[in-house]
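Since every read-out is calculated from the coordinates, none of them should be taken as a lab result. On a predicted model such as this, the values are computed, not experimentally measured, just so you know. Backbone-built Cβ (ideal geometry, glycine too); neighbour counts: all protein chains shown.
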Amino acid sequence: MTDLGTGPDGVERCSWATAAQELLAYHDGEWGQPLLDDNGLFEHLCLEAFQSGLSWLTVLRKRPAFREVFADFQIEAVAQFGDDDIARLLADERIIRNRQKITAAIENARAARELIANGDSLSALIWSHRPEPTPAPRSYADLPTSTPESAALAKELKRRGFCFIGPTTAYALMQACGLVNDHLEGCAIRESATRAQTDAAKR
């Protein structure tokens with residue numbers, strides 16, 4: 001399978017993970033692992049939006065700075081950001097300075113805060129759209145860019161006041177946060193991700 005690559009430890013993984021150390025650490029320790037925490041899911045929702053049109057490696061390398069300037073992506077804190085914060089963020093060269101994406105992150109924090117205030121959670125909303133498990137993809141050609149479930153998730157998030165989210169971004173969120181397991185067949189991490197997702201489904 002040409003879409004598998006060998007890491008510096010001699011272990012086969014999804015080939016995209018072998019391009020840089022940051023990608024390797026993210027692939028092995030985070031991508032496809034179930035994430036149930038509201039603030040963690042909010043962070044991924046924001047970062048997936050910031051990644052739009054750019055490489056994920058760019059986002060990963062800027063992630064520490066993003067966490068610093070976005071109050072560690074704590075929903076309540078970001079929901080209180082105002083015009084001064086927007087100006088501060090637009091002036092910070094360490095992050096992706098896109099006004100639309102910055103504003104979307106703040107608006108999404110406010111939408112998430114309202115969701116929680118009404119007795120729901122971002123985690124419950126997102127995970128209610130988890131699809132049934134599918135066979136292991138053998139190559140990148142087997143991976144969709146969106147699914148009916150991701151389209152439904154994007155639609156529901158928009159209905160709840162979230163923005164800068166479409167079916168493709170929603171599917172990337174599902175991949176990152178373990179709603180689906182898109183580690184390729186033969187990837188050394190696939191089995192552990194499968195076990196973790198099975199455990200998460202029982203909660």
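A compact table of results
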quantity: Protection proxy ranking, peptides 57-68, 135-146, average beta carbon neighbours within 10 Å, highest first; calculated: 57-68, 135-146
quantity: The stretch 82-89 - phi-based ³J(HN,Hα) in whole Hz, Karplus 6.51/-1.76/1.60, Gly and Pro as x; calculated: x, 4, 5, 5, 4, 4, 4, 5
quantity: Pairwise FRET efficiency - Glu30 versus Ala124, Cβ, R0 = 25 Å, nearest 0.05; calculated: 0.75
quantity: Label-point separation, Glu12 to Val69 (7 Å along Cα→Cβ), nm; calculated: 4.2
quantity: Net charge, Ser121 excluded, C-beta distance under 14 Å - Lys, Arg +1, Asp, Glu -1; calculated: -3
quantity: R0 of 30 Å, Cβ-Cβ distance Glu22-Ala201: FRET efficiency to nearest 0.05; calculated: 0.55
quantity: Arg61 versus Cys163: modelled label distance in nm, points set 7 Å from Cα along the beta carbon direction; calculated: 3.0
quantity: Near-label residues of the stretch 1-21 by backbone N, under 16 Å of a point 7 Å along Cα→Cβ of Glu191; calculated: 11-14
quantity: Glu185 long-range amide H proximity, modeled H, under 5 Å; calculated: Arg138
quantity: Sequence-separation-based contact order of the chain, relative, with Cα cut under 8 Å and 6+ spacing, percent; calculated: 28
quantity: Cα-based shape type of the chain, given that a ≥ b ≥ c are square roots of the gyration tensor eigenvalues and the cut on a/c is 1.5; calculated: oblate
quantity: Efficiency of FRET from Cβ geometry, Thr2 and Ile116, R₀ 45 Å, rounded to 0.05; calculated: 0.50
